[in-house]
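This is the structure, below, for whatever I ask next.
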Amino acid sequence: MSMNSFGHLFRVTTWGESHGPALGAVVDGCPPNVPLTAEMLQHWLDKRKPGQNKFTTQRQEADQVEILSGVFEGKTTGTPIQLMIRNTDQRSKDYGDIHEKFRPGHADITYFQKYGNRDHRGGGRSSARETAARVAAGGVAREVLKSLLPELKITGYMVQMGPHKIDRDNFDLAEIEANPFWTPDAEMAAKWDEYLSGLRKSGSSVGAVVEVIASGLPAGVGAPVYAKLDTEIATAMMSINAVKAVEIGAGMDAATLTGEENADEITMGPDGPIYSSNHAGGILGGISTGQDVVCRFAVKPTSSILTPRNTITKSGENTEIITKGRHDPCVGIRAVPVGEAMMACVLLDQVLLHRGQIGENQGHIG
């Protein structure tokens, strides 16, 4: 299977399957002499790992990351960094009933049509478990960014579950880590608790919208045509398992605005340009403005549900399927740290490209 890598100068290749012995990532292009330990990466993996509360899959994985290469005496060497996460709680027998059947809404059928085979044990590479490797790689990117851009901060959170959206007037960053949904709205967290509890007990699932903001990114990062910053972010987020849509800034709502409403007016401040609004999501012409970079992505409902669904077998017979096993009733919850990780990887890659071509910004205002 090809195309398992992303990035240009900071390049990440993920490997492994949901029910194999292990999964992980190879991170190439990491600058040398950056402090890095497994404990630094574990902090981010602990945010994503399963079984933390009743609203995530009850598969019990420690998601303990091991650094096999590329680090010596606590610092990166500049050579490829091999990261490994062992699978310790597979229950492949749960998937025996779907050996010959395709799950509606899942990648089972397209994998088989393309490759002529599929790993039915939890979906193999199409499983959301693959994202653990991305979070580990994102942890590496964060440590490099910390040394290059100490003011940069990446924050992800859920803003919608099913039809229920947060109230932006209740937005409180301190609330994000105080509830199981990674949401800044405490009132909505309580409503989601009741809503998702009902869906979980019925064996169903629901989708969600996650927002990721990067603040402190200087102006000038990105490229005008084929490596636009928003293009790279959208590609990275869209590659996350179960993601079906990505927005930057105002996103789809930009189509409802007039030119006057959409224009982020500019005035000169004591330290440079000041924008009246941020409909552009911190990116103009594929290049960062210095404002917050704002991205949202929609995650579809988990395809594995207990409600009987019509499907077919590999031999082409009509049948019915009920998917057993341990699944997230709302996979958007654990997509939050994944979105943060992908943002970190893209930003580091783009910062390194910028430094390689331009160095310091060439255009100075005022």
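The values are calculated or read from the model by the stated rules, or taken from the named source; none is laboratory data. Being a predicted model, the structure only gives us computed values, none of them experimental. So basically every Cβ, Gly included, is an ideal-geometry build from the backbone, and we count neighbours across all protein chains shown. Ligands, DNA and RNA are stripped out before the accessible areas are found, and what is left, the full protein with its side chains, is counted by its heavy atoms. Shrake-Rupley method; radii C 1.70, N 1.55, O 1.52, S 1.80 Å.
So, of the residues in the stretch 146-187 that are within 20 Å of Leu41 (Cα to Cα) and among the polar types (S, T, N, Q), which turns out to be surrounded by the fewest Cβ atoms within 10 Å (Cβ to Cβ)?
For the stretch 146-187, the residue satisfying everything is Ser147.
I'm trying to understand the selection: among the residues of the stretch 291-313, which are in a loop (DSSP other than H, G, I, E, B) and open to solvent by 40 Å² or more (accessible area, probe 1.4 Å)? Can you show your working first?
Within the stretch 291-313, the first condition is being in a loop (DSSP other than H, G, I, E, B), and the residues that meet it are 291-292, 300-308.
Once the filter is applied, which keeps residues that are in a loop (DSSP other than H, G, I, E, B) and open to solvent by 40 Å² or more (accessible area, probe 1.4 Å), the stretch 291-313 yields Asp292, Lys300, Pro301, Leu306, Thr307, Pro308.
Give the stretch 314-339 a look and list any residue that's in a loop (DSSP other than H, G, I, E, B) and of a type outside the set (Val, Ile, Thr), or say none. Walk me through how you get there before you give the answer.
Within the stretch 314-339, the first condition is being in a loop (DSSP other than H, G, I, E, B), and the residues that meet it are 314-317, 322-331.
Result: Lys314, Ser315, Gly316, Glu317, Lys324, Gly325, Arg326, His327, Asp328, Pro329, Cys330.
Considering only residues that are under 13 Å from Ile67 (Cα atoms) and open to solvent by less than 20 Å² (accessible area, probe 1.4 Å), look in the stretch 31-41 and name the one that is nearest to the chain's Cα centre (by Cα).
Among those residues, the one meeting the criterion is Leu41.
To continue, here is another question. Examine the stretch 315-326 for a residue that is modelled with pLDDT under 95, closer than 30 Å to His19 by Cβ and in contact with a His (Cβ under 6 Å, 6 or more places away or on another chain), and state whether such a residue exists.
no
For residues in the stretch 163-214 being assigned to a strand (DSSP E or B) and in contact with a strand residue (DSSP E or B) (Cβ under 9 Å, 6 or more places away or on another chain), which is nearest to Ser303 (Cα to Cα)?
Per the criteria, the residue is Ala208.
Also: Checking the condition out of contact with any His (no Cβ under 9 Å at 6 or more places or on another chain), buried (at least 19 other Cβ atoms within 10 Å of the Cβ), modelled with pLDDT of 95 or more and not in a loop (DSSP other than H, G, I, E, B), which residue from Met268, Met342 passes? So that I can check it myself, show each step before the final result.
Working: Met268 fails: buried (at least 19 other Cβ atoms within 10 Å of the Cβ).
So the residue among Met268, Met342 that is out of contact with any His (no Cβ under 9 Å at 6 or more places or on another chain), buried (at least 19 other Cβ atoms within 10 Å of the Cβ), modelled with pLDDT of 95 or more and not in a loop (DSSP other than H, G, I, E, B) is Met342.
Name the pairs whose Cβ atoms lie under 7 Å apart, with the first residue in the stretch 182-198 and touching a residue at least 24 places away in the same chain (Cβ under 8 Å), the second among the basic types (Lys, Arg) and assigned to a helix (DSSP H, G or I), and 6 or more positions between them or separate chains?
none
Here's a follow-up. Mind checking which pairs have a first residue in the stretch 165-179 that is among the β-branched types (Val, Ile, Thr) and a second that is in a loop (DSSP other than H, G, I, E, B), Cβ under 7 Å, 6 or more apart or different chains?
Pairs that qualify, where the first residue is among the β-branched types (Val, Ile, Thr) and the partner is in a loop (DSSP other than H, G, I, E, B), are Ile166/Thr183; Ile166/Pro184; Ile166/Asp185; Ile176/Trp182; Ile176/Thr183; Ile176/Pro184.
Which condition number in (1) under 25 Å from Lys165 (Cβ atoms); (2) part of a strand (DSSP E or B); (3) open to solvent by 30 Å² or more (accessible area, probe 1.4 Å) is the one that Ser277 fails?
Of the numbered conditions (1) under 25 Å from Lys165 (Cβ atoms); (2) part of a strand (DSSP E or B); (3) open to solvent by 30 Å² or more (accessible area, probe 1.4 Å), the odd one out for Ser277 is (2).
Then there's this: Can we say Thr267 is among the hydroxyl-bearing types (Ser, Thr, Tyr) and in contact with an Asp or Glu (Cβ under 9 Å, 6 or more places away or on another chain)? Give the steps one after another, and end with the answer.
Details: among the hydroxyl-bearing types (Ser, Thr, Tyr): yes; in contact with an Asp or Glu (Cβ under 9 Å, 6 or more places away or on another chain): no.
When the stated conditions are applied, Thr267 does not pass them.
Next question. Would you mind telling me which numbered condition in (1) out of contact with any Ser or Thr (no Cβ under 8 Å at 6 or more places or on another chain); (2) touching a residue at least 40 places away in the same chain (Cβ under 8 Å); (3) on the phi < 0 side of the Ramachandran plot Gln291 fails?
(2)
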